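Novice: Please see the structure below; I have some questions.
Read-outs: derived from the displayed coordinates by stated rules, not from any lab. Model, not experiment: these values are computed from the prediction. Here the Cβ positions follow ideal geometry from the backbone for every residue, glycine too, while neighbour counts run over all protein chains shown.
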Amino acid sequence: MPWPAKKRGPRGDSPAEGKDVELIMIRHAEAVSRGQGDVNADADRALTEHGHAQAHALVPALQGRVARLDVVLTSPLLRARQTAEDLLERWPGPKPELRLCDELAPDAKPGKLARILRKLRKEWVALVGHQPDLSAHVAWLIGSKKAQLDLAKAGLARITCAEGPDKGTGILVWLITPEWFMEK
C-alpha cells in the first residue's frame, strides 16, 4: 500500500502512514580479532562466546523499549550477521524479517542507507552494523557532522525520524551501552 502523498519527506518519500520511523542502531557484539586462529579477513571475524552472550542480552534490553521490530537489516560481515541471528533466535512473538544490507558494511554512505530505509516503508527497523559507520549514520540523521557518538560493541541507539530517514530528520532518543543491560 503506497504512503499518502500529502505528507512528504525532503527527498519525496513519506513516512509510513504519517507515523514516525523508529531506527534501532545496533553495533555488532564482540568478535575475535583479525589474526586470531585462522581468521585473516575482517569479513570472516566471528563472535566470541562473550559476543554471543551480548547478542542474546539484546532481547531483554529491547523489550519494553521498542514496540516491535518490523525488519532487521544487517551488514553482510559475519560478526554483524551473527549478532542479528542471535537477537532473532530469542525474539519473542512474531519474528521480524532478516535482510542483508550492503549499505551497512564498513565505509558505506549514509545517503544510500537512507534511501534503502525510505523504500522499506517500515515503522520499526533494527540495523546491525559497525563503528565508526553507525555513529556517522546517526550523526547524519540528526544533522550534525560534529556529533561524537561511541557505540560500544552490542550498544544500542534509537533514532526517531518524523519525516522519514534523511539528513537532519532524526532525533536521538536514547543511547545504551551493554554494561546497562548485561548481567554482571
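Novice: Considering region 144-175 alone, what residues qualify as being among the aliphatic types (A, V, I, L, M), crowded, with 17+ Cβ neighbours inside 10 Å and more than 15 Å from the chain's Cα centre (by Cα)?
Specialist: Result: no residue meets the conditions.
One line per residue, one yes/no per condition, for (1) in a helix (DSSP H, G or I); (2) out of contact with any Asp or Glu (no Cβ under 7 Å at 6 or more places or on another chain); (3) in contact (Cβ under 8 Å) with a residue 40 or more places away in the chain; (4) not basic (Lys, Arg):
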| residue | (1), (2), (3), (4) |
| --- | --- |
| 108 | no, no, no, yes |
| 116 | yes, no, yes, yes |
| 138 | yes, yes, yes, yes |
| 148 | no, yes, no, yes |
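Novice: Another one. Which members of region 51-70 meet the condition of being crowded, with 17+ Cβ neighbours inside 10 Å and among the basic types (Lys, Arg)?
Specialist: None - no residue of region 51-70 is crowded, with 17+ Cβ neighbours inside 10 Å and among the basic types (Lys, Arg), so the list stays empty.
Novice: Got at least one residue in region 86-97 being in contact with a strand residue (DSSP E or B) (Cβ under 7 Å, 6 or more places away or on another chain), under 13 Å from residue 28 (Cα atoms) and part of a loop (DSSP other than H, G, I, E, B)?
Specialist: There is no residue in region 86-97 that is in contact with a strand residue (DSSP E or B) (Cβ under 7 Å, 6 or more places away or on another chain), under 13 Å from residue 28 (Cα atoms) and part of a loop (DSSP other than H, G, I, E, B).
Novice: Consider residue 95 against the criteria (1) free of Cβ contacts under 8 Å to residues at least 24 places away in the same chain; (2) over 16 Å from residue 62 (Cα atoms); (3) of a type in the set (D, E, K, R): it satisfies all of them except one. Which criterion is unmet?
Specialist: (2)
Novice: Considering only region 53-70, state which residues are more than 15 Å from residue 158 (Cα to Cα) and either over 17 Å from the mean Cα position of the chain (by Cα) or of a type in the set (Lys, Arg) (or both).
Specialist: 53
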